[in-house]
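Notes follow once the structure below has been shown.
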Amino acid sequence: MPTQTIAVTQSLPLERLDRFLRSQFPDVSRGAIQRLLAGGHIRVNGRLVKATHHPRQGERISVQWPPAAPAPAPAQELPLDILYEDEDLLVLNKPAGLVVHPAPGHPEHTLVNALLHHCGTSLSGIGGVARPGIVHRLDKETSGCLVVAKNDAAHLKLSAQFSGRQVEKLYHAIVCGQVAAESGEIDAPIVRHPTHRKRMAVAWRGGRQARTSYRVLERLRGATLVEARPHTGRTHQIRVHFQHLGFPIAGDRVYGPRQTAGLEKATGYAIGRQLLHAARLALHHPLTGKPMVLQAALPEDFATALRRFRI
């Protein structure tokens, strides 16, 4: 069974161990982490601990990944826009509207179903389930570059790059309104919304550190095309940060419904989805160490919106 060790560099008195590990392994659910803890597969300095343990500086957390159980999702032949593939990893240009993981009410026609068909028996089992190793996630309505590990060794090394902030991620977004500065940085902690559990929010107390830098690419009619670089990997980070700045992503019905409606009224153009696109990823190949730069062209709906919003 493969084992991965994490060194805790900062004491986290307000952070539970299961939540901390969830941030280190974003592709693994919190429930799966809790099951690994209960099964004795996670130890801190060689000791068994509870999910409520608070990580302390200097501790070493070892995670032993058990053999994968059969995947519950059916394999389905669905079209995939493959930017790069070898025996260790796959990089896709995910279309907007494609759900990544099966969930209650949406068990089929997801990216996982497609990858199970495409990859066959070559699957990463990290997290305890035989499935393609999706190392990071994109929201359903976000398009662009998505990395998939095809075996456990690649998954562990890619996860380490993402959790260690060694992967450069660049997004293009159309935001509502005229961003005044040509460039800037949003440094605002993010936490789960206290009442809307599917949303995130900026919270200066109790939030996890989150930082996004941006620059203006083009000024549009009632909107701005920006390039965003997230330096951390919080859920909905770019969407929440631009909402906090006062310029939510155009088409984002969760974080910017009022501003989106105003933009649609002013331009006469109905926005079909949140206009956020993962345009570029720069990382190192998990097995060879070779630098890799992957780019995904703007999808047609994004390009169309851009043309309609041009002054």
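Here are the numbers for this structure:
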| item | result |
| --- | --- |
| Partners for K150 among lysines (Cα-Cα distance below 29 Å; same-chain residues under 8 apart left out) | K94, K140, K169, K290 |
| All aspartates and glutamates inside 20 Å of K265 as judged from Cα atoms, apart from same-chain residues fewer than 8 positions distant | D252, D301 |
| CD proxy at 222 nm, helix term only [per DSSP H run n ≥ 4: -39500 (n - 2.57); per residue of the chain; nearest 500] | -6500 deg cm²/dmol |
| Pair A38, A180: separation of 7 Å Cα→Cβ label points (nm) | 5.2 |
| Cut-off 13 Å between beta-carbons: net charge of the residues surrounding R60, Lys and Arg +1, Asp and Glu -1 | +2 |
| Relative exposure of K157, K150, K140, K198, judged by other C-beta atoms within 10 Å (fewest first) | K198, K140, K157, K150 |
| Rough spin-label spacing in nm, given labels placed 7 Å along Cα→Cβ, for Q161 and S62 | 2.7 |
| Computed over the chain: relative contact order in percent, which uses C-alpha pairs under 8 Å that are six or more apart | 15 |
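Any read-out appearing in this document is the output of simple, stated calculations on the displayed coordinates, not a laboratory observation. These numbers were taken from a predicted model, which means no experiment stands behind them. Every residue, glycine among them, receives a Cβ derived from its backbone with ideal geometry; neighbour counts consider all protein chains shown.
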